[in-house]
Structure formats: structure tokens, C-alpha cells
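Just below is one structure, and these are the notes that go with it.
The values are calculated or read from the model by the stated rules, or taken from the named source; none is laboratory data. Owing to the predicted nature of the structure, the values given are computational and were not obtained by experimental measurement. Backbone-built Cβ (ideal geometry, glycine too); neighbour counts: all protein chains shown.
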Amino acid sequence: MMSERFDLSAAPLPACSPLRLGEVAPDFTARSTRGVLTLSDLRGRWVVLFSHPADFTPVCTSEFVALARARDRFEALGTELVALSVDSLFSHLAWIRAIHDRFGVAVDFPIIEDPTLEIARAYGMIGPDAVDASAVRSTYFLDPEGVLRASTCYPASAGRSVEEMLRLLAALQRVHDGSALAPEGWTPGDDLLRVPSQSVADVLAADSGTEWFYATMPDGKR
């Protein structure tokens, strides 16, 4: 059955269950502040899909102001920002205007409407019996193939860190080819960790009992 806002003709959105790392994110087509958006149309680029509890709320407003100001930094990482909430398209548009008037910033990334909670349920943001999405502040980092590489979930009362979103995104992109690992707090230019050998010969040949599994290497993609 085709709804006004969601195209479910190709494949129905899955039942509510947590989206796991390594899985392809559920596809959808929905209205947004940048027109009708189909998630799979963004393949070939990294995507940060993030939900917020509601428009015209203080914590969400602080996040959107910071994200709008950092848009060019996400662009530099070849990444699309896509926002989502239960609010209607017209609520999103009015909120964008209020943010522009108060803070002088333009929120030019798409904000999707999810009034039926179909997308929120498909991604496991809320339980199957939830009647609203007031507790939803989830973020999904999708690679160019649409595969989930990381996710976070914050309560309605605490905002996300845009700097941490950018740091995590850069780390995910750097280790995506499997050639290195990103240590705690890694930022571009910092030393990386070598992928440990699984060879007994390499383990025994190491100079110390820890070198075979913990060895740093310079970041060659500065």
C-alpha cells in the first residue's frame, strides 16, 4: 500500500528491532524540507542520519544551530546530514525560520517528517508500542554502501557533541579500508594502531609480549 509520505511499494520497512552494526540501513522515501528524499539516492557518500525529539525545543535547537554552522566540515568529509523527527514538514519549516531569525544561521540540510513513526520503528529508535518519539535522539553513521558503521543514542535532556560526531566520522572513514585501527580519542594526523597479526610466528617473533597486538603507526593520510 502506498502512503502519502512513505513509499513502501519496493520493500516494506522492517518491524521494530535495533539496527545492528554491519547491517544495511532500511531504505525509505519521505517528505523533507529539501523535497522528497529517498535514502538510497545518497549511496556513494557517507550519511549521518540523526533524529531529534521535537522541533521548537531548547536542546534540539542548540544542536541544529551547531550542525548548521558545521555543515561545511561535514561536506569536506564527503558526508550528507539528514535529520528526522515526528513533527510535520510545516513545523520543520517554521522552526528553520525561527532558528534563522534568532541565530542568523540557515539550516540547509534536509529535515524529514516521520509523523507515523514508521522510520523510527524501522530503525529501532522506539519500541513497537510507543505512541510518541519524545525520547529519540539517535544518530546513525552510514558508509557509502548504506551500511551502519556506528550509532549513538542520547536522552532528550542532553545534547550531542558536534565535535564528537565529526571526530567519529573521520575515524570511521580512516579505518574503513581495514588497514589500521583508530585508538581512543583519535583525530586526523594522530598515530593509528596496526591491525594485530593472527600468526603464531609473528606473535613469537615480536620484541615484547605486547608489541604483536599493540603497535602504533603514523597516519599516512594527513
For the range 166-212, name all the residues that are over 23 Å from ARG149 (Cβ atoms) and either at pLDDT 95 or above or not charged (D, E, K, R) (or both).
-> SER197, SER199, VAL200, ALA201, VAL203, LEU204, ALA205, ALA206, SER208, GLY209, THR210, TRP212
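Matching residues to (1) touching a Ser or Thr at 6+ places or on another chain (Cβ under 8 Å); (2) under 13 Å from LEU169 (Cβ atoms):
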position	(1), (2)
LEU49	yes, yes
SER88	no, no
MET125	yes, no
GLY146	yes, no
SER151	yes, yes
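Looking at GLY146, GLY159, GLY185, which one is more than 12 Å from the chain's Cα centre (by Cα), on the phi > 0 side of the Ramachandran plot and not aromatic (Phe, Trp, Tyr)?
On the way: GLY146 fails: more than 12 Å from the chain's Cα centre (by Cα); GLY159 fails: on the phi > 0 side of the Ramachandran plot.
Going through GLY146, GLY159, GLY185 in turn, just one is more than 12 Å from the chain's Cα centre (by Cα), on the phi > 0 side of the Ramachandran plot and not aromatic (Phe, Trp, Tyr): GLY185.
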Give the residues of the range 163-222 that are touching a residue at least 24 places away in the same chain (Cβ under 8 Å) and assigned to a helix (DSSP H, G or I), sorted by residue number.
-> MET165, LEU166, LEU168, LEU169, ALA170, LEU172, GLN173, ARG174
Looking only at the range 38-54, count how many residues are in contact (Cβ under 8 Å) with a residue 40 or more places away in the chain and either among the β-branched types (Val, Ile, Thr) or crowded, with 19+ Cβ neighbours inside 10 Å (or both).
-> 9
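Is it true that VAL131 is at pLDDT below 85, of a type in the set (Val, Ile, Thr) and either crowded, with 17+ Cβ neighbours inside 10 Å or in contact with a helix residue (DSSP H, G or I) (Cβ under 6 Å, 6 or more places away or on another chain) (or both)?
It is false that VAL131 is at pLDDT below 85, of a type in the set (Val, Ile, Thr) and either crowded, with 17+ Cβ neighbours inside 10 Å or in contact with a helix residue (DSSP H, G or I) (Cβ under 6 Å, 6 or more places away or on another chain) (or both).
Can you find, within the range 58-106, the residue that is surrounded by the most Cβ atoms within 10 Å (Cβ to Cβ) among those that are among the acidic types (Asp, Glu) and more than 25 Å from ARG45 (Cβ to Cβ)?
Applying the first criterion (among the acidic types (Asp, Glu)) to the range 58-106 yields 63, 72, 75, 80, 87, 101.
If we keep only those that are more than 25 Å from ARG45 (Cβ to Cβ) as well, we get 87, 101.
Details: ASP87: 23, ASP101: 8.
Here the residue is ASP87.
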